[in-house]
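Next up is a structure, given as structure tokens.
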Amino acid sequence: MKQTDIYTEALTCLRSILLADHPEFQNWIDWLERDIQDWTQRREVAHHLRAYGGMGSFNDLPSMRGNHDYIFGFLKSVCYAFGHLYGKREGISPEALMEECLHDVEQAAYHPHKPLNQAIAQHLMQGDLQENLDKL
């Protein structure tokens, strides 16, 4: 199993799904690229959080194709939960916080497909979700 940063893997997969399903949304693809850079270089989440809410937000993107739509929604939930809590919880590492957020979203009632949730979470933690997006 390769060592991975779950948050970076989730952002990268969001970007990959958008690139595959809606390459016309270059502004959002670029937005996610900046989010990845902000996290890997400075451990910063503020830019990513600004994508949510309001008209024309990240939440207003059209549906993705097939299971990509469900996976995209799942990943958005995980990244938002992590970004919202990051820096607000004393004594918890970013890695442990992301695993906690991933577990919470995996178990959430608003994500009703438990086997798919578990598969997404497992691939995220293994760092190979991007390679397995079309197999889920």
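Answer yes or no: is there a residue in segment 81-90 that is open to solvent by 80 Å² or more (accessible area, probe 1.4 Å) and on the phi > 0 side of the Ramachandran plot.
Scanning segment 81-90, I find no residue that is open to solvent by 80 Å² or more (accessible area, probe 1.4 Å) and on the phi > 0 side of the Ramachandran plot, so the answer is no.
Which one of these is surrounded by fewer than 12 Cβ atoms within 10 Å (Cβ to Cβ), hydrophobic (A, V, I, L, M, F, W, C), free of Cβ contacts under 8 Å to residues at least 60 places away in the same chain and within 15 Å of Y7 (Cβ to Cβ): A96, A121?
After applying the criteria, what remains is A96.
For W39, only one of the following conditions fails: (1) open to solvent by less than 80 Å² (accessible area, probe 1.4 Å); (2) more than 13 Å from the chain's Cα centre (by Cα); (3) not charged (D, E, K, R). What is its number?
(2)
Has segment 25-32 got at least one residue that is open to solvent by less than 10 Å² (accessible area, probe 1.4 Å), aromatic (F, W, Y), in a helix (DSSP H, G or I) and in contact with a helix residue (DSSP H, G or I) (Cβ under 7 Å, 6 or more places away or on another chain)?
Looking through segment 25-32, none of the residues is open to solvent by less than 10 Å² (accessible area, probe 1.4 Å), aromatic (F, W, Y), in a helix (DSSP H, G or I) and in contact with a helix residue (DSSP H, G or I) (Cβ under 7 Å, 6 or more places away or on another chain).
Another one. Identify, by number, the condition in (1) more than 19 Å from D128 (Cβ to Cβ); (2) touching an Asp or Glu at 6+ places or on another chain (Cβ under 7 Å); (3) open to solvent by 60 Å² or more (accessible area, probe 1.4 Å); (4) part of a helix (DSSP H, G or I) that R15 doesn't meet.
Here R15 meets the rest and fails (1).
The values are calculated or read from the model by the stated rules, or taken from the named source; none is laboratory data. All values reported here derive from a predicted model rather than from experimental measurement. With ideal geometry, Cβ positions are generated from the backbone for all residues, glycine too; neighbour counts draw on all protein chains shown. Only protein heavy atoms, including side chains, enter the accessible area calculation; ligands, DNA and RNA are left aside. Shrake-Rupley method; radii C 1.70, N 1.55, O 1.52, S 1.80 Å.
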